[in-house]
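Worksheet for the structure shown next.
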Amino acid sequence: MESYRNKVLQAAKFIQERIKIAPSIGFVMGTGLSEMADVIEISEKIDYQDIPYFPVSTVQTHRGRLIFGIISGRNVVAMQGRVHFYEGYHMRDVTFPIRVMQTLGVSVLIITNAAGGINPLFSTGDIMLIADHINLMGTNPLIGPNEDTWGPRFPDMSQAYDGGLMALAEKVALEQKIRLQKGVYVALPGPSLETGAEIRFLKTIGADAVGLSTVPEVIVAVHARMRVLGFSIITNMNLADNLTPSLEDDIIAVAQRTAPKLKSIVAGVIGNLEKGEGL
């Protein structure tokens, strides 16, 4: 049976034979955010289904392809869509793309998602800079034998989201006059959304936004010694005493409307990295 490490190496080799650039920055586009690819000067596109062992998304708006190109002068690889734990994938499958990025030489990961707002000071359409996270998915992608060449057995998660990159994102948002919230993201396994009692619990333990992704990828990125910057688009408000049904089409619509602002922030951050800030 093929080892997980060998599967990653085979996928990376397949990709390397088909690309002209070596990416240093990884970019993950979440639900409703596939059109953020517009910010990339595209060199190559590769469908997930064509890459050996690469997981394929089954969720609406997740296009399922890797895009290689340039943002603000820097080489990037962007995931146009991700896979989720709730789709039935093992955690190692969910984070397989991050291991491939690591093998390709990515050292900075910018990750995005659509999330429900819990902090009553937030509003639908806000962008939240992820300052920290809570893992309530009931498992961890690092469970099992540790691959020492990838990272340490017990990676420290006390500063999972890079302070320098967060400061840079806040600076860029201020310059662009885009309101940027900041808070704690909590990840649940899904796919069912939260009850009122669950929202009250999540608020009590310090969560500002809730979603069904991101945390597994961030854990693996930290294990891989990448610097991580995360953003959530608040696509709906989950106020425990005033809950309204959250419809998938509405969530996607809000993410798509807000994507241009987030795209502008991401391009600004990467542009500053080109000047030597944050790397």
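The values are calculated or read from the model by the stated rules, or taken from the named source; none is laboratory data. For clarity, every value in this text was computed on a predicted model and none was experimentally measured. Every residue, glycine among them, receives a Cβ derived from its backbone with ideal geometry; neighbour counts consider all protein chains shown.
Only one residue in 254, 210, 186, 222 is within 23 Å of residue 93 (Cα to Cα), among the hydrophobic types (A, V, I, L, M, F, W, C) and part of a helix (DSSP H, G or I). Which one?
Of the residues listed, the single one that is within 23 Å of residue 93 (Cα to Cα), among the hydrophobic types (A, V, I, L, M, F, W, C) and part of a helix (DSSP H, G or I) is 222.
Name the residue that is surrounded by the fewest Cβ atoms within 10 Å (Cβ to Cβ), counting only residues in the range 17-41 that are among the β-branched types (Val, Ile, Thr) and at pLDDT below 95.
21
Given the conditions (1) buried (at least 16 other Cβ atoms within 10 Å of the Cβ); (2) within 22 Å of residue 45 (Cβ to Cβ); (3) out of contact with any helix residue (DSSP H, G or I) (no Cβ under 7 Å at 6 or more places or on another chain), report the number of the one that residue 99 does not fulfil.
The single condition residue 99 does not satisfy is (3).
In a loop (DSSP other than H, G, I, E, B), under 27 Å from residue 55 (Cβ atoms) and in contact (Cβ under 8 Å) with a residue 24 or more places away in the chain: does that describe residue 216?
No; evaluated as a whole, the condition is false for this residue.
I need a count of the residues in the range 190-204 that are closer than 14 Å to residue 247 by Cα and loosely packed, with under 15 Cβ neighbours inside 10 Å.
2
Out of the residues in the range 105-140 meeting the condition of being in a loop (DSSP other than H, G, I, E, B) and of a type in the set (A, V, I, L, M, F, W, C), tell me which one is farthest from residue 78 (Cα to Cα).
Checked the range 105-140; the qualifying residue farthest from residue 78 (Cα to Cα) is 121.
Of all residues being crowded, with 19+ Cβ neighbours inside 10 Å and of a type in the set (Gly, Ala, Ser) in the range 215-266, which is farthest from residue 108 (Cα to Cα)? Just the residue, please.
Only one residue fits best here, namely 255.
Just to be sure I understand the filter: pairs with C-beta atoms under 7 Å, separated by 6 or more residues or on different chains, first member in the range 88-112 and over 17 Å from residue 29 (Cα atoms), second member of a type in the set (Ser, Thr, Tyr) and outside any loop (DSSP other than H, G, I, E, B). Which pairs pass?
Every condition considered, the pairs that remain are 92/4.
Scan the range 119-156 residue by residue and report those that are of a type in the set (D, E, K, R) and more than 30 Å from residue 240 (Cα to Cα).
Of everything in the range 119-156, those that are of a type in the set (D, E, K, R) and more than 30 Å from residue 240 (Cα to Cα) turn out to be 147, 148, 153, 156.
Examine the range 59-82 for a residue that is crowded, with 18+ Cβ neighbours inside 10 Å, more than 30 Å from residue 247 (Cβ to Cβ), in contact with a strand residue (DSSP E or B) (Cβ under 6 Å, 6 or more places away or on another chain) and aromatic (Phe, Trp, Tyr), and state whether such a residue exists.
Scanning the range 59-82 turns up at least one residue that is crowded, with 18+ Cβ neighbours inside 10 Å, more than 30 Å from residue 247 (Cβ to Cβ), in contact with a strand residue (DSSP E or B) (Cβ under 6 Å, 6 or more places away or on another chain) and aromatic (Phe, Trp, Tyr).
Which of (1) modelled with pLDDT of 95 or more; (2) surrounded by fewer than 20 Cβ atoms within 10 Å (Cβ to Cβ); (3) of a type in the set (A, V, I, L, M); (4) touching an Asp or Glu at 6+ places or on another chain (Cβ under 9 Å) is the odd one out, the single condition residue 108 does not satisfy?
Looking at each condition in turn, residue 108 falls short on (2).
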